[in-house]
Amino acid sequence: MLVAGTVGKITGKVIDAESKDDLIGVNIIISALNTGAATDWNGYYFILNIPPGIYEMEASIIGYQTKIKQHVQVFAETEQCNKETALHTLSNSLFRPKDLAVSKSEKQRQR
């Protein structure tokens with residue numbers, strides 16, 4: 001059980017690096033604590049009841065490159081408000097579904 005005043009929280013927003021659009025459903029994970037959250041319709045997330053300490057956060061969603069932020073510091077009874085930590089920008093992945101498989105008819109057309 002956690003006592004009031006002994007934990008903090010992390011809040012933030014995730015956007016597309018190029019278009020600056022909000023990203024919905026991005027997984028934000030603090031693996032050391034086995035906890036996390038997903039972004040809402042406006043790209044915002046919050047993670048509550050985080051013990052004070054320094055953590056590594058991972059932001060990931062299909063179609064984008066995973067981004068890891070290191071040295072995220074959480075203080076008791078405060079909201080993490082470091083803008084660099086709170087704002088995640090994700091770049092499109094280099095993987096394209098069309099690169100996964102080429103049908104026989106497409107191979108013949110390419111010749």
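The values are calculated or read from the model by the stated rules, or taken from the named source; none is laboratory data. Fair warning: this is a prediction, and the values are worked out from it, not measured in the lab. All Cβ positions, glycine included, derive from the backbone under ideal geometry; neighbour counts span all protein chains shown.
Given (1) more than 14 Å from His88 (Cα to Cα); (2) loosely packed, with under 14 Cβ neighbours inside 10 Å; (3) touching an Asp or Glu at 6+ places or on another chain (Cβ under 9 Å); (4) of a type outside the set (D, E, K, R), where does Gly36 come up short, assuming only one miss?
(2)
Within the range 57-65, is even one residue loosely packed, with under 14 Cβ neighbours inside 10 Å and either within 17 Å of Leu90 (Cα to Cα) or touching a residue at least 24 places away in the same chain (Cβ under 8 Å) (or both)?
Yes, some residue in the range 57-65 is loosely packed, with under 14 Cβ neighbours inside 10 Å and either within 17 Å of Leu90 (Cα to Cα) or touching a residue at least 24 places away in the same chain (Cβ under 8 Å) (or both).
Report whether or not Leu2 is surrounded by fewer than 18 Cβ atoms within 10 Å (Cβ to Cβ) and modelled with pLDDT of 90 or more.
Considered against the rule, which asks whether it is surrounded by fewer than 18 Cβ atoms within 10 Å (Cβ to Cβ) and modelled with pLDDT of 90 or more, Leu2 comes out as no.
Can you tell me which residue in the range 66-87 is modelled with the lowest pLDDT, limited to those that are β-branched (Val, Ile, Thr) and over 19 Å from Lys20 (Cβ atoms)?
Thr78
Would you check which residues across the range 20-65 are in a loop (DSSP other than H, G, I, E, B), under 22 Å from Thr6 (Cα atoms) and modelled with pLDDT under 95 and list them?
Within the range 20-65, Pro51, Pro52 meet the criteria.
Of all residues in the range 16-33 being closer than 15 Å to Val72 by Cα and over 9 Å from the mean Cα position of the chain (by Cα), which is surrounded by the most Cβ atoms within 10 Å (Cβ to Cβ)?
Only one residue fits best here, namely Ile30.
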